[in-house]
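Okay, so here's the structure we're looking at.
The values are calculated or read from the model by the stated rules, or taken from the named source; none is laboratory data. Just so you know, these numbers come straight off a predicted model, no measurement behind them. As a convention, Cβ positions derive from the backbone with ideal geometry for all residues, glycine included, and neighbour counts pool all protein chains shown. What goes into the accessible areas is simple: the full protein's heavy atoms, side chains included, and nothing from ligands, DNA or RNA. Shrake-Rupley method; radii C 1.70, N 1.55, O 1.52, S 1.80 Å.
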Amino acid sequence: MDSYDNAPVFQIETTDKYFSFIVKTEFESACRFDQCGVVMYLDSDNWFKASIEYEDEKIQRLGSVVTNHGYSDWATTDISSNIKSMWYRFSRRNSDYCIECSKDGINFRQMRIFHMWEGAEKITYGIYACSPTEGSYKATFSDMQIIECQWESDADWRD
């Protein structure tokens, strides 16, 4: 069986239950499946990633994968391959998470909200990049911040 969880990652460990992690990614995609973005890796059966995955010279896929107890749920949308930069904001509220993206680092759009069954206590999260077909790919990460949780609580949006 092939392993699909072996990308290079830079992660930190935390027990903080409420935070947002922001990062800007810039990339020079050239080969199918080149990708970089944010990741939370607990183990091979429990992980999350959000990134832009290069398809060809016309399209790439902005998306995310949530894997709970070995079952993966993919959510993607096609975007232009001319896009060479994306901001991400990854937020945590206990074992619930929100991932957002932004072209300018100011106006973020929700990509998905999800629950991690094994993500209630200590987690590791950070950034990753990989080029599974060619093995070489330039990705730059900048403007990283860990800040107070920016994800509005249920009470905030229900009022």
Residue in segment 84-94 that is farther than 23 Å from Ile147 by Cβ and either open to solvent by 10 Å² or more (accessible area, probe 1.4 Å) or not in a strand (DSSP E or B) (or both) present: yes
(Q) Within segment 44-56, does at least one residue satisfy the condition of being aromatic (Phe, Trp, Tyr) and at positive phi? (A) no
Of a type in the set (Val, Ile, Thr), open to solvent by 30 Å² or more (accessible area, probe 1.4 Å) and not in a strand (DSSP E or B), is that true of Thr77?
no
When segment 53-72 is checked residue by residue, the ones that are of a type in the set (Ser, Thr, Tyr) and open to solvent by less than 70 Å² (accessible area, probe 1.4 Å) are Tyr54, Ser64, Thr67, Ser72
Matching residues in segment 95-109 (closer than 15 Å to Val66 by Cα and in a strand (DSSP E or B)) number 5
When segment 4-37 is checked residue by residue, the ones that are within 21 Å of Val66 (Cβ to Cβ), modelled with pLDDT under 95, open to solvent by 70 Å² or more (accessible area, probe 1.4 Å) and not aromatic (Phe, Trp, Tyr) are Asn6, Pro8, Val9
In segment 113-137, anything surrounded by fewer than 13 Cβ atoms within 10 Å (Cβ to Cβ), hydroxyl-bearing (Ser, Thr, Tyr) and assigned to a strand (DSSP E or B) is listed as none
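Yes/no matrix, rows are residues, columns are (1) at positive phi; (2) not charged (D, E, K, R):
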{"residue": "Val65", "(1), (2)": "no, yes"}
{"residue": "Ser72", "(1), (2)": "no, yes"}
{"residue": "Thr77", "(1), (2)": "no, yes"}
{"residue": "Lys84", "(1), (2)": "no, no"}
{"residue": "Asp96", "(1), (2)": "no, no"}
{"residue": "Ile99", "(1), (2)": "no, yes"}
{"residue": "Gly105", "(1), (2)": "yes, yes"}
{"residue": "Tyr125", "(1), (2)": "no, yes"}
{"residue": "Ser131", "(1), (2)": "no, yes"}
Inspect segment 91-103 for any residue being of a type in the set (A, V, I, L, M), at pLDDT 95 or above and within 20 Å of Pro132 (Cα to Cα) and give the result as yes or no.
no
